[in-house]
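Have a look at the structure below before the remarks.
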Amino acid sequence: MPNIVVLGAGVSGLTTAYLLSKDPANKITVLAKHMPGDYDIEYASPWAGANYMPVGKQGTDHERWERETWPYLKEITEKYPEAGIHFLGTLIYNRKKDQESDTGKWFAELTQPDPWYKDVVPDFKPIPNEKLAPGVDNAQEFTSVCINTAVYLPWLVGQCVRSGAVVKRAVIKHIADAANEHHTGQKADLIVNCTGLSAKTLGGVMDSKMHPARGQIVVVRNDPGPMASVSGTDDGETECLYIMTRAAGGGTILGGSYQKHNWDPLPDPNLANRIMKRAIALDPSLVKPGQGIEGLDIIRHGVGLRPLREGGTRIEKDEVNGVKVVHNYGHGGFGYQASFGCSVEAVALVKEALQSGPRAKL
Ligand code: FAD
């Protein structure tokens with residue numbers, strides 16, 4: 001009966017705990033500073049849209065994680081409406097002039113006309129050239145999902161708790177200290193590190209490759225229907241444009257920005273204005289005919305920091321001060337759409353690590 005501590009209750013920690021908790025042999029404690037229900041700049045997961053817009057380059061681990069995640073999201077959407085995910089049509093627009101911008105590079109795989117994901121998502125089809133708006137070089141549509149993170153994260157907590165996991169608040173200074181926080185009072189056999197951007201400052205990890213990609217959003221009550229994303233904007237290389245309506249009354253997310261190395265937790269009112277104007281220009285059905293941004297019914301402005309990692313997500317075995325660790329962090333802007341692929345891999349490493357004895361001393 002291994003004692004496992006999952007450190008972090010964002011989508012990465014909760015998905016890993018959810019999969020681990022399916023094996024009744026695992027005794028799991030989920031430990032975190034922030035929990036579903038909290039809104040904090042150190043906690044990325046509540047700020048996400050979130051939808052499934054694959055961005056992993058073909059042939060990479062990232063592609064595999066996103067490819068493997070779709071069937072799980074599809075199954076949850078179909079079987080568990082209470083999880084707060086719904087299917088939604090989406091439109092993707094590509095402008096070649098965005099190719100060299102940060103947002104254009106981020107969306108390069110998503111926007112290319114013949115992407116690997118065309119056989120993964122349902123109803124993929126290109127939009128004929130004669131239907132493209134001026135300035136758009138190619139476009140496609142498919143059926144994706146939109147996750148109401150305010151419903152989905154608590155649903156994941158519920159699944160874990162129902163399977164016997166114990167969820168606790170704690171702030172950990174050093175990764176090895178998490179081993180002393182297992183709910184049984186015994187020392188944990190293994191820690192899964194799902195601390196997102198905080199892996200940069202967590203003792204025993206201190207990953208200098210971590211940095212934020214700041215995302216500013218406006219959440220509104222208006223409901224335009226399908227989702228839409230564009231490769232870039234004319235308002236600056238770090239600003240982007242996407243619209244998605246969350247399931248189960250979650251409102252519509254208007255985005256956004258992709259500002260690397262920017263830690264500012266406060267919404268910038270000028271950027272908020274540009275986000276709202278761009279959204280209405282892209283989809284005038286957001287407001288009544290003739291209306292501008294005054295036609296938007298704002299629920300809240302928000303800022304989240306995407307936990308980006310130079311060189312890619314870290315899913316790897318480690319040992320810190322004699323404590324076994326499996327890392328699963330650094331999911332940038334794709335933590336939901338790669339959540340199951342990444343967590344399945346982390347769970348496999350947990351099994352491997354628990355089967356191997358302590359590392360021999362040299
Ligand atoms: P987090 O959610 O940040 O969770 C980290 C957890 O670790 C928290 O519980 C925290 O309290 C805990 N923790 C950290 N340090 C400590 C410590 N020392 N002691 C105790 N606990 C600690 N992804 C998509 O797939 N689709 C989208 O549409 C999408 N849209 C996005 C839009 C925006 C505006 C933003 C900001 C992100 C978006 N993302 C999207 C990305 C996604 O939100 C992230 O990749 C994901 O939330 C990262 O989750 P995480 O669990 O790794 O980290």
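The values are calculated or read from the model by the stated rules, or taken from the named source; none is laboratory data. Since the model is a prediction, treat every value here as computed from it, not as a measurement. Because the Cβ atoms are built from the backbone with ideal geometry, glycine has one as well, and the counts that use them run over all protein chains shown.
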Original post:
Looking only at residues in region 19-36 that are closer than 19 Å to Ser198 by Cα and assigned to a loop (DSSP other than H, G, I, E, B), which one is farthest from the ligand (Cβ to nearest atom)?
Top reply: Pro36
Subject >> Output for region 1-18, where each listed residue is touching a strand residue (DSSP E or B) at 6+ places or on another chain (Cβ under 7 Å) and more than 8 Å from the ligand (Cβ to nearest atom) >> reply: Met1, Pro2, Asn3, Ile4, Val5, Val6, Thr16, Ala17
**OP:** Kindly indicate whether any position in region 118-139 is closer than 22 Å to Ala50 by Cβ and among the basic types (Lys, Arg).
**Re:** yes
**OP:** Please tell me if Asp223 is in contact (Cβ under 8 Å) with a residue 40 or more places away in the chain and more than 17 Å from the chain's Cα centre (by Cα).
**Re:** no
**OP:** Could you identify the single residue in Tyr43, Tyr93 that is buried (at least 16 other Cβ atoms within 10 Å of the Cβ), aromatic (Phe, Trp, Tyr) and assigned to a loop (DSSP other than H, G, I, E, B)?
**Re:** Tyr43
Subject >> Neighbours by Cβ (under 6 Å, 6+ apart or cross-chain): first from region 162-182, modelled with pLDDT of 95 or more; second of a type in the set (Asp, Glu) and within 13 Å of the ligand (Cβ to nearest atom) >> reply: Ala170/Glu181
Original post:
free of Cβ contacts under 8 Å to residues at least 40 places away in the same chain and assigned to a strand (DSSP E or B) - does that describe any residue in region 189-211?
Top reply: yes
Subject >> Among (1) surrounded by 17 or more Cβ atoms within 10 Å (Cβ to Cβ); (2) more than 20 Å from Lys105 (Cα to Cα); (3) within 13 Å of the ligand (Cβ to nearest atom), the one test that Gly256 misses >> reply: (2)
Original post:
Residues in region 74-81: is at least one out of contact with any Phe, Trp or Tyr (no Cβ under 6 Å at 6 or more places or on another chain) and within 11 Å of the ligand (Cβ to nearest atom)?
Top reply: no
**OP:** Go through Val157, Val136 for me and flag whichever is closer than 18 Å to Asp114 by Cβ, modelled with pLDDT of 95 or more and not in a strand (DSSP E or B).
**Re:** Val136
Original post:
Does region 306-314 contain any residue that is in contact with a His (Cβ under 8 Å, 6 or more places away or on another chain), among the polar types (S, T, N, Q) and under 24 Å from Trp106 (Cβ atoms)?
Top reply: yes
Original post:
For residues in region 39-72 being in contact with a strand residue (DSSP E or B) (Cβ under 9 Å, 6 or more places away or on another chain) and acidic (Asp, Glu), which is farthest from Val219 (Cα to Cα)?
Top reply: Asp61
Subject >> Residue check, Pro71 within 11 Å of the ligand (Cβ to nearest atom) and either closer than 14 Å to Gln159 by Cβ or assigned to a helix (DSSP H, G or I) (or both) >> reply: no
Original post:
In this structure, does Met244 turn out to be within 13 Å of the ligand (Cβ to nearest atom), at pLDDT 95 or above, under 30 Å from Asp318 (Cβ atoms) and of a type outside the set (Val, Ile, Thr)?
Top reply: no
